[in-house]
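Structure record follows, encoded as structure tokens.
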Amino acid sequence: MSYEMITARTEGGKVGVVTLNRPKQLNALNNQLMDELGHALKGFDADAAIGCVIVTGSEKAFAAGADIGAMATYGFADVYKGDYITRNWETIRSIRKPVIAAVSGFALGGGCELAMMCDFIIAADNARFGQPEIKLGIIPGAGGTQRLPRAVGKAKAMDMALTGRMMDATEAERAGLVSRVVALDKLMDEALGAALMICDYSQIAVMAAKESVNRAFEGSLSDGIMFERRLFHAMFATTDQKEGMDAFVNKRKPEFKNQ
Ligand code: HXC
């Protein structure tokens with residue numbers, strides 16, 4: 001599949017980088033872009049050489065939301081039957097390898113939801129997050145009302161969803177929406193550094209850690225703890241656990257085989 005609305009490349013042979021590429025529309029998310037993004041992510045997920053994926057946008061916009069022009073004339077039957085706008089979001093959620101959002105500029109509406117769907121967000125100091133759908137007479141439709149409260153708590157999530165105001169990078173880091181804030185010109189270096197670090201670990205342990213953290217948001221504490229415990233036990237069936245611990249004991253660098 002050739003891409004028109006994204007670019008996809010690899011870094012160091014092990015990190016997949018997807019760049020949203022509709023700069024004139026501030027990377028507004030339309031069906032084609034979402035299809036291309038889903039295709040690229042699935043491709044990286046299936047590629048054994050890839051250990052981590054970064055999703056990023058332009059300096060001015062990670063993504064300014066779903067394409068309002070495209071949505072403007074839709075009726076209920078169109079969106080319900082055709083799965084327009086909301087299609088492919090579940091594909092992104094199903095990616096098993098870590099996905100880092102490297103966000104600069106606007107991450108609004110579906111753009112903010114896309115960033116939150118990634119495993120963690122590294123933000124440039126010019127990043128601005130928001131769920132402004134209320135201004136358009138709608139509400140967030142790709143998990144914004146669910147993931148934002150889990151990330152920043154009810155008070156801020158209500159504030160964002162009901163007023164439509166934006167949160168800058170400093171506030172987003174303070175609130176727990178983003179894991180790190182860096183200068184704009186250091187954004188990709190920081191994201192790549194994190195991705196390459198992850199790639200050096202056992203892919204099995206990395207995927208299990210991702211699954212287990214995600215479980216924290218989907219059930220009770222006791223279910224989550226049991227899920228984590230069983231995955232933890234399962235790690236002892238891997239060659240990588242033997243290698244990691246032997247390397248520590250013998251003061252050498254581990255060489256994980258993802259087995
Ligand atoms: C379509 C968009 C767009 C969007 C910007 N553009 N956001 N086109 N859909 N979401 C276009 C503008 O129309 C304009 O095109 C060009 O990008 C540059 O935008 P400007 O407004 O001129 O830039 P600026 O003044 O810097 O303002 C930036 C902005 C503003 C604050 C981000 O564009 C804005 O408020 N955009 C809408 C944000 C929003 O409401 N997002 C939520 C969408 S609903 P032209 O051709 O005029 O140059 C949603 C639901 C998700 O996301 C549901 C998921 C399932």
Looking only at segment 172-186, decide whether some residue is surrounded by fewer than 14 Cβ atoms within 10 Å (Cβ to Cβ) and part of a loop (DSSP other than H, G, I, E, B). yes
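State whether one or more residues within segment 72-80 are under 30 Å from LEU192 (Cα atoms) and either touching a residue at least 24 places away in the same chain (Cβ under 8 Å) or more than 9 Å from the ligand (Cβ to nearest atom) (or both).
No, every residue in segment 72-80 fails to be under 30 Å from LEU192 (Cα atoms) and either touching a residue at least 24 places away in the same chain (Cβ under 8 Å) or more than 9 Å from the ligand (Cβ to nearest atom) (or both).
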Which one of VAL17, VAL55 is within 16 Å of the ligand (Cβ to nearest atom) and touching a strand residue (DSSP E or B) at 6+ places or on another chain (Cβ under 6 Å)? VAL55
What number of residues within segment 83-102 are out of contact with any Asp or Glu (no Cβ under 7 Å at 6 or more places or on another chain), farther than 12 Å from LEU114 by Cβ and surrounded by fewer than 14 Cβ atoms within 10 Å (Cβ to Cβ)? 3
Give PHE120, PHE129 a once-over and let me know the one that is closer than 24 Å to LYS97 by Cα, of a type in the set (Phe, Trp, Tyr) and in contact (Cβ under 8 Å) with a residue 40 or more places away in the chain. PHE120
Do we have ALA28 as at pLDDT 95 or above, aliphatic (A, V, I, L, M), within 16 Å of the ligand (Cβ to nearest atom) and touching an Asp or Glu at 6+ places or on another chain (Cβ under 6 Å) here? yes
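Quick grid of which residues meet (1) farther than 22 Å from ASP119 by Cα; (2) at pLDDT below 95; (3) in contact with a Cys (Cβ under 7 Å, 6 or more places away or on another chain):
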{"site": "ALA183", "(1), (2), (3)": "no, no, no"}
{"site": "MET207", "(1), (2), (3)": "no, no, no"}
{"site": "LYS210", "(1), (2), (3)": "no, no, no"}
{"site": "GLY219", "(1), (2), (3)": "no, yes, no"}
{"site": "ARG230", "(1), (2), (3)": "no, yes, no"}
{"site": "THR239", "(1), (2), (3)": "yes, no, no"}
{"site": "LYS251", "(1), (2), (3)": "yes, no, no"}
Do we have any residue at all in segment 81-90 that's of a type in the set (Ser, Thr, Tyr), within 13 Å of the ligand (Cβ to nearest atom) and outside any strand (DSSP E or B)? yes
Members of segment 208-227 that are under 16 Å from the mean Cα position of the chain (by Cα) and aliphatic (A, V, I, L, M): ALA209, VAL213
Looking only at segment 104-148, count how many residues are touching a strand residue (DSSP E or B) at 6+ places or on another chain (Cβ under 7 Å), near the ligand (Cβ under 9 Å from one of its atoms) and assigned to a helix (DSSP H, G or I). 5
Determine whether ALA161 is under 30 Å from VAL79 (Cβ atoms) and part of a helix (DSSP H, G or I). yes
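The values are calculated or read from the model by the stated rules, or taken from the named source; none is laboratory data. In this text, all values refer to a predicted model and were calculated from it rather than measured experimentally. Reconstructed Cβ throughout: ideal geometry from the backbone, glycine too, with neighbour counts over all protein chains shown.
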